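K.L.:
Please find one structure pasted underneath; my questions will follow.
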There are 2 protein chains.
Amino acid sequence: MHILIVEDEKGIMDFLKQGLEEENFTISTATDGAEGLKKALELSVDLVLLDWMLPKMQGIDVCRNIRLEKQNLPIIFLTAKDTVQETIEGLKAGANDYIKKPFSFEELLERIKIHFRSKDEITTLTLGNITIDKSQYKTFVDQKEVILTQREFELLEYLIKNKGKVCTRTHIIEDVWDIHFDYDTGVIDVFMNSIRKKLNLTKERELIKTIRGVGYIANEI
Amino acid sequence: MHILIVEDEKGIMDFLKQGLEEENFTISTATDGAEGLKKALELSVDLVLLDWMLPKMQGIDVCRNIRLEKQNLPIIFLTAKDTVQETIEGLKAGANDYIKKPFSFEELLERIKIHFRSKDEITTLTLGNITIDKSQYKTFVDQKEVILTQREFELLEYLIKNKGKVCTRTHIIEDVWDIHFDYDTGVIDVFMNSIRKKLNLTKERELIKTIRGVGYIANEI
DNA sequence: TTGCAGATTAAGCAAAAATTAAGTTAGACT
DNA sequence: AGTCTAACTTAATTTTTGCTTAATCTGCAA
């Protein structure tokens, strides 16, 4: 995971950089607002730690500009001042979190982890009474294990990850089968069929719905 | 969006409930930990505001238990104490955010919005009490789902996108059916009919008007 | 009142999806 | 290596869905 630190005080920068590197994050740095913005947009950064007071461009403006381009990049403000008004301003500008100096490194670390939590660390996903465990490649219906093959598992995982969103056939073939050209056999149907059978999904318990002409969608009932 | 507030002090509860209802959130409440946990798991909640000190079960245990079942449900702690250690504990237990009492309502609101930011928006369109969600291919009338076929959905989407503008038959056939030559069967009429029926559009609730000799227009009343 | 545009309805039909079975491949075991 | 088995893919068949057509009905306007 790649973190960009934008901070002009060398002491704090070194402290952060060293601490986070020890936690196995990849670190990039910038010491003024303009440079920070540039790097945030150009590098493939996963999270930004952003000082409030910066040379060249205020932190809040950097934040706003990042948001214009990257809507999902988490931004955490580091601020010396602690006025409520500033906090609110920062959040409105698109920051995801806010931490007051002096802060404990441990707290910062936890807050950083929050933003990565959803990404990949969670190994179990659920859909209704179905639970899948990525780390063990196991599937359960009402706590009872059901044996799925690898493809079946991957397809189910994909649907659950995108719970509530329609998965088009094209996307499924691309993301689950990794086929990047026009492709149409009945593979998806066949797997969908066997998943439904194994998981006991009937017309009444329709956790996976077919969207005719489009694809499929997983949904709690 | 549905928020569950778990808080035992009546004053704070009322303050939160009222304030958030004014912002058009749907609110459920619980006054002790056990009840809070139960509701968090049973109701279709989108976010939890969780007090730290609670009767029956401490907030942090409620948090841990929610996390076991629902990995993606955002939890914000409300806490009177402000020790760093507690904050860290809360975050480790799976909370997504942490706000210290007394807090400004505005800050709380911003923090809540952060968690909804990525979610919906953009994909939903509305016309009166009708809402359509493109990402789910779903249609709601007064929050209750109505099943439309794909063509019906596309036609409705087209009308809502052009809300307030007249859609001529020619344009509809071109843009929705993708037919680029002179064409006249009753297809549009047939679909308009079934849409109106499914959405309960009567002469009185005429969200979609017929412009005789021209086409149709969608309009809030 | 008559004619025309639109609304309504029902039926035929074609496309999509579900299902089943058979063929193919890859990995495990002897 | 050869055989066996499990998993994946393809293909063929059946079922379902919903789009379209066409025929009829309704109501407004000349």
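K.L.:
What value does segment B:1-100 have for Rg/Rh, both radii from Cα atoms and Rh as Kirkwood defines it? Walk me through the numbers on the way to the answer.
P.N.:
On the way: Rg = 12.3 Å, Rh = 13.2 Å.
Here the Rg-to-Rh quotient is 0.93.
K.L.:
Take chain B, connect every pair of alpha-carbon atoms lying under 10 Å apart with a spring to form a Gaussian network, then pick out the residue of B:Thr170, B:Thr131, B:Thr87 with the largest mean-square fluctuation.
P.N.:
B:Thr170
K.L.:
Any chance you could check the Cα centroid distance between segment A:206-221 and segment B:1-41 for me, in angstrom?
P.N.:
Result: 32 Å between the Cα centres.
K.L.:
Right, something else. Between chains B and A, what is the buried accessible area in Å², counting both sides, with a 1.4 Å probe and ligands, DNA and RNA left out, to the nearest 100?
P.N.:
Values: alone 12550 and 12480 Å², together 22560 Å².
Interface area, both chains combined: 2500 Å², rounded to the nearest 100.
K.L.:
A follow-up question, please. Pull out a ≥ b ≥ c, the square roots of the eigenvalues of the alpha-carbon gyration tensor of segment B:124-218, then state rounded if a/c is under 1.5, prolate if not and a/b is larger than b/c, and oblate in the remaining case.
P.N.:
Values: a/c = 1.79, a/b = 1.42, b/c = 1.26.
Prolate shape, in that a/c is at least 1.5 and a/b is the bigger ratio.
K.L.:
Sticking with this structure for a sec: Remind me, relative contact order of chain A in percent, using alpha carbon pairs under 8 angstrom and six or more residues apart? Mind dumping the intermediate values first?
P.N.:
On the way: 316 pairs, mean separation 27.1, N = 221.
Relative CO of chain A lands at 12 percent.
K.L.:
Using alpha carbons only, how many degrees (0 to 90, rounded to 10) separate the axis of helix A:59-69 from the longest principal axis of chain A?
P.N.:
Taking Cα atoms only, the helix is inclined about 30 degrees.
K.L.:
Another question, then. If each Cα of the protein assembly as shown is one equal point scatterer, what is log10 of I(q)/I(0) from the Debye formula at q = 0.07, 0.08, 0.12 Å⁻¹?
P.N.:
The computed values of log10 I(q)/I(0) come out as -0.45, -0.59, -1.20.
K.L.:
OK, next. Provide A:Phe105, A:Phe181 ordered by accessible surface of protein heavy atoms (probe 1.4 Å), highest first.
P.N.:
On the way: A:Phe105 50, A:Phe181 135 Å².
If we order A:Phe105, A:Phe181 from most to least accessible, we get A:Phe181, A:Phe105.
K.L.:
While we're looking at this one, here's another question. What order do B:Phe116, A:Phe15 take when sorted by accessible area (1.4 Å probe), most exposed first? Before the final figure, lay out the partial values.
P.N.:
Working: B:Phe116 15, A:Phe15 100 Å².
Largest accessible area first, the list is A:Phe15, B:Phe116.
K.L.:
Let me ask something additional. Using unit Cβ charges (K, R positive; D, E negative) and no other charged atoms, how large, in debye to the nearest 20, is the dipole of segment B:101-220 about its Cα centre?
P.N.:
Values: 20 positive and 20 negative charges, 75 e Å.
That gives a dipole near 360 debye.
K.L.:
While we're looking at this one, here's another question. Please return the longest range in chain B lying between exposed loop sites, taking trypsin sites (Lys or Arg not before Pro), DSSP loop only, at most 16 other beta-carbon atoms within 10 Å, and leaving the sites out. Display every interim value, and only then the final one.
P.N.:
Numbers: sites that count: B:Lys56, B:Lys70, B:Lys81, B:Lys119, B:Lys134, B:Lys163, B:Lys165, B:Lys203, B:Arg205, B:Arg212.
Result for the longest clean stretch: B:1-55.
K.L.:
Taking B:Glu42 in one copy and the same position in all the others, each labelled 7 Å out along Cα→Cβ, what are the pairwise distances from the first, in nm, shortest first?
P.N.:
Computed spacing set for this position: 5.7 nm.
K.L.:
Report, in debye and to the nearest 20, how large the dipole of chain B comes out about its Cα centre when Lys and Arg carry +1 and Asp and Glu carry -1 on their Cβ. Each step should come with its number before you reach the end.
P.N.:
Working: 31 positive and 38 negative charges, 87 e Å.
Charge dipole of chain B: 420 debye, to the nearest 20.
K.L.:
Quick one: if the Förster radius is 35 Å, what FRET efficiency do B:Phe181 and A:Lys70 give, using the C-beta to C-beta distance and rounding to 0.05?
P.N.:
On the way: r = 44 Å, r/R0 = 1.25.
My answer for the efficiency is 0.20.
K.L.:
List the pairs from A:Lys17/B:Lys92; A:Lys100/B:Lys100; A:Lys113/A:Lys138 whose alpha-carbon separation is above 20 Å, in the order I gave them. Please list the in-between numbers first.
P.N.:
Details: A:Lys17/B:Lys92 22 Å; A:Lys100/B:Lys100 12 Å; A:Lys113/A:Lys138 26 Å.
Check vs 20 Å cut-off fails for A:Lys17/B:Lys92; A:Lys113/A:Lys138.
K.L.:
If r is the Cβ-Cβ distance from A:Asn193 to A:Thr170 and R0 is 25 Å, what FRET efficiency results, to the nearest 0.05? Could the numbers behind the result be given before it?
P.N.:
Numbers: r = 19 Å, r/R0 = 0.77.
For R0 = 25 Å, the calculated efficiency reads 0.80.
K.L.:
Given Cβ point charges of +1 (Lys, Arg) and -1 (Asp, Glu) and nothing else, what value in debye, to the nearest 20, does the dipole of segment A:2-121 about its Cα centre take? Mind dumping the intermediate values first?
P.N.:
Details: 16 positive and 23 negative charges, 81 e Å.
Roughly 380 debye for segment A:2-121.
K.L.:
Give the relative contact order (percent, whole number) for segment A:124-218; include only Cα pairs under 8 Å separated by 6+ residues.
P.N.:
On the way: 116 pairs, mean separation 27.1, N = 95.
About 29 percent, as a whole number.
K.L.:
Taking the simple approach of a point 7 Å from Cα along Cα-to-Cβ for both B:Asp8 and B:Glu23, what is their distance in nm?
P.N.:
2.6
K.L.:
A further question follows. Debye sum, Cα scatterers, chain A, no solvent: what log₁₀ I/I(0) at q = 0.10, 0.14, 0.15 1/Å?
P.N.:
-0.62, -0.88, -0.92
The values are calculated or read from the model by the stated rules, or taken from the named source; none is laboratory data. The shown structure was predicted, so the numbers you read here are calculated from the model rather than taken from an experiment. Every residue, glycine as well, gets a Cβ built from its backbone with ideal geometry; the counts of neighbours run over all protein chains shown. Surface areas here come from the heavy atoms of the whole protein model, side chains and all, with no ligands, DNA or RNA. Shrake-Rupley method; radii C 1.70, N 1.55, O 1.52, S 1.80 Å.
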